[in-house]
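Below: the structure, in structure tokens.
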Amino acid sequence: MSADVINPAELDRRIVMATQAGLPLDVRPYHWLAAELGVDAETVMERFQGMLADGRIRRIGVVPNHYRLGYSANGMSVWDVPDEDIRAIGKQVGELDIVSHCYHRPRRLPDWHYNLFAMVHGHSQAEVRDKVKQIAQLLGDKVRQYDVLFSTRILKKTGLRIGG
């Protein structure tokens, strides 16, 4: 079946359904997916680009299972940094090798002063705290206060799910 016979919206739906559990661990995952869907790899990549561009999907990325890799301590570091510097600081923190993801969230005053969140993984809580201290040293006086919130249980992380 060629891509020009398939309705683009239907193809997009089929792509999402086929990748809900992730892309295959394959050297050429888009080619594998294309073969499964009966289209060419270029079409699959174009459809993904379109869905990214219009916001139907936000990103395509690796989601490691930190526990299986031996990282049993997961700490969400929370930071109170100046709002006017949030983009630059967030970019700086997000690019660190010790941070798996970083994002801006609104403050909830008067009780919650933190506006930047950065996930740090380690083999122990002490290791995570040491990594968070490294971030604090890097940011210097841009940090008014920070803390680390440790996971107490594993939550299943999933992306977009649609039914068949």
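The values are calculated or read from the model by the stated rules, or taken from the named source; none is laboratory data. None of these values were measured; they are calculated from a predicted model. Note: ideal-geometry Cβ built from the backbone for every residue, glycine included; neighbour counts use all protein chains shown.
Each row is one residue, and each column tells you yes or no for (1) in a loop (DSSP other than H, G, I, E, B); (2) within 28 Å of S100 (Cβ to Cβ).
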{"residue": "E10", "(1), (2)": "no, no"}
{"residue": "M17", "(1), (2)": "no, yes"}
{"residue": "D26", "(1), (2)": "yes, yes"}
{"residue": "A35", "(1), (2)": "no, no"}
{"residue": "V39", "(1), (2)": "yes, no"}
{"residue": "V62", "(1), (2)": "yes, yes"}
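Look at the stretch 131-163 and say how many of its residues are in a loop (DSSP other than H, G, I, E, B) and either among the charged types (D, E, K, R) or modelled with pLDDT of 90 or more (or both).
So the count comes out to 6.
When the stretch 108-127 is examined, which residues are found to be in a strand (DSSP E or B) and of a type in the set (F, W, Y)? Selection gives W112, F117.
Yes/no matrix, rows are residues, columns are (1) part of a loop (DSSP other than H, G, I, E, B); (2) crowded, with 18+ Cβ neighbours inside 10 Å; (3) under 17 Å from the mean Cα position of the chain (by Cα):
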residue	(1), (2), (3)
W79	no, yes, no
E84	no, no, no
P106	yes, no, no
R129	no, no, no
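For the stretch 16-44, a tally of residues being within 24 Å of the chain's Cα centre (by Cα) and among the β-branched types (V, I, T) returns 4.
Whenever a residue of the stretch 99-127 is not assigned by TED's automatic domain parsing to the domain that holds V78, it has no partner that is surrounded by fewer than 18 Cβ atoms within 10 Å (Cβ to Cβ) and at pLDDT 95 or above lying with C-beta atoms less than 7 angstrom away and at least six residues away or across chains.
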